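Before any comments, here is the structure.
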Ligand SMILES: Nc1ncnc2c1ncn2[C@@H]1O[C@H](COP(=O)(O)OP(=O)(O)OP(=O)(O)O)[C@@H](O)[C@H]1O
Ligand SMILES: [Mg+2]
């Protein structure tokens, strides 16, 4: 196991810069997920850590050693790709032992390590099969097995679950997490799925357009997004983000562009008339029947809770409620927001306005 440090790493293709100085410190044994929209540079960064792409500037260290000029096979890492790239003509056992055979490890040792990995992954009964006779999830497990037998310092995963159906993805998600808890190997995992990131990671790195937007534990990012991008990206349904200004007279409150007023936390320094974006997660929006501020537009029960979309001024707001309200589309309602859970963002920079209490 080893720590991994990415320090001011840049990547250009010709004149085009794809990564603009990325800094990430990954501790020994940590499970870190790189997440962000398509094209933001996740795979590029992972491939730079693996040694499959050159580092244009800055440096990457594994276990305290700068590896910019170290060949991939000397880095003591194992990578699992989206396409499992299993050898079709080899059995599961041969696929899993391939890298050890290449490294000329003794036969008994190869057999032992393959058996052990197969046992961890529940593949013992499939060792003689060929990949074409396996399900998608089983193939995925063989690809993981091939990485495990190498007992690397670091695992690198690039969207390993994206070829699986939704149910299998959820299952493999928990299997990979349990595997990490058991092996404690430093893991860097790429996905564009924020649910995968939230459920599996010790820490998440949110990327956009070749920049790191925020690094933190899943709940850090959920509870204290540093900017509008992270606020909108993490969480499903997403945080309600309403444009408006701070009131110019009377009590200090938020006035949405459509005129609706909402309360603001009293521990943030706000200027009168300041343009802001008001963020509130659906579970922190309360609904009471009657009033005139909002109107029910859509009701979507999921069983455990109900998602209610309401028109509010010129926009819409989503609330998730656990109570079974007898509402129908068109009903007038009032919206309350749990003031402790209100996020305010600078409308110009998109940055979260500081909340002294929360940052203490
Ligand atoms: N060889 C290359 N030459 C020029 N541009 C490239 C090259 N490889 C990747 N890029 C560009 O770099 C950017 C980042 O690509 P990358 O594959 O790292 O994105 P990603 O975050 O992994 O996206 P996805 O979620 O779609 O896999 C993209 O805009 C891509 O077009
Ligand atoms: Mg990618």
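For the chain, the longest principal axis of the C-alpha atoms and the axis of helix 107-121 are separated by about 20°. As an equivalent ellipsoid, the stretch 238-346 spans semi-axes of 25, 14, 11 angstrom, where each value is the square root of five times an eigenvalue of the C-alpha gyration tensor, largest first. Can you grab the distance from the C-alpha centre of the stretch 299-360 to the C-alpha centre of the stretch 24-90, Å, no decimals? Taking the Cα centre of each part, the stretch 299-360 and the stretch 24-90 sit 39 Å apart. Taking Cα atoms only, the orientation of helix 166-183 departs from the longest principal axis of the chain by about 60 degrees.
Between 36, 51, 249, the Gaussian network model of the chain with springs among Cα atoms under 10 angstrom shows the greatest mean-square fluctuation at 249. Taking the inverse of the mean reciprocal distance over all distinct Cα pairs, the Kirkwood hydrodynamic radius of the stretch 15-129 comes to 16.9 Å. All C-alpha pair distances within the stretch 180-296, sorted into 5 Å bins from zero, spread as 2, 9, 17, 17, 16, 13, 11, 7, 4, 2, 2, 0 percent across the bins.
Based on the inverse mean of 1/r over its pairs of different Cα atoms, what is the Kirkwood hydrodynamic radius of the chain, in Å? By the Kirkwood definition, the hydrodynamic radius is 23.0 Å. Helical content of the chain, expressed as a calculated mean residue ellipticity at 222 nm, amounts to -7000 deg cm²/dmol (DSSP H runs of 4 or more residues, -39,500 (n - 2.57) each, divided by residue number, nearest 500). Mean silhouette area of the stretch 287-360, derived from the convex hull of its C-alpha atoms and averaged over all directions, reads 6.6 nm². When DSSP beta bridges are restricted to pairs lying wholly in the chain, around 75% turn out antiparallel.
Could you tell me how many degrees, from 0 to 90 and to the nearest 10, lie between the Cα long axis of helix 136-148 and the main elongation axis, the longest principal axis, of the Cα atoms of the chain? Between the helix axis and the principal axis of the chain, the angle is about 60 degrees. For the stretch 119-268, the Kirkwood hydrodynamic radius from C-alpha pairs, put into Stokes-Einstein at 25 °C and a viscosity of 0.890 mPa s, yields a diffusion coefficient of 132 µm² per second. Legend: ranking of residues 353, 161 from fewest to most surrounding C-beta atoms inside 10 Å; resulting order 353, 161. In plain terms, the residue of 81, 254 with the fewest other Cβ atoms within 10 Å comes first and the most crowded comes last, giving 81, 254.
From least to most packed, judged by other beta carbons within 10 angstrom and beginning with the fewest, 351, 177 follow the order 351, 177. Given q = 0.21, 0.23 Å⁻¹, what are the Debye log10 I(q)/I(0) values for the stretch 46-89, with equal point scatterers placed on the Cα positions and solvent ignored? Those come out to -0.70, -0.79, one per q. In this structure, residue 223 and residue 299 have a Cβ-Cβ separation that, at R0 = 25 Å, corresponds to a calculated FRET efficiency of about 0.35.
Rg then Dmax, both in Å and based on the Cα atoms of the stretch 65-141: 13.9, 42.
For the stretch 1-83, the Kirkwood radius over C-alpha pairs fed into Stokes-Einstein at 25 °C and 0.890 mPa s yields D = 187 µm² per second.
Bear in mind these aren't lab numbers, they're just calculated from the coordinates by the rules spelled out. It should be emphasised that the depicted structure is a prediction, and the values quoted were computed from it without experimental measurement. Cβ: placed from backbone, ideal geometry, glycine included. Neighbour counts: every protein chain shown.
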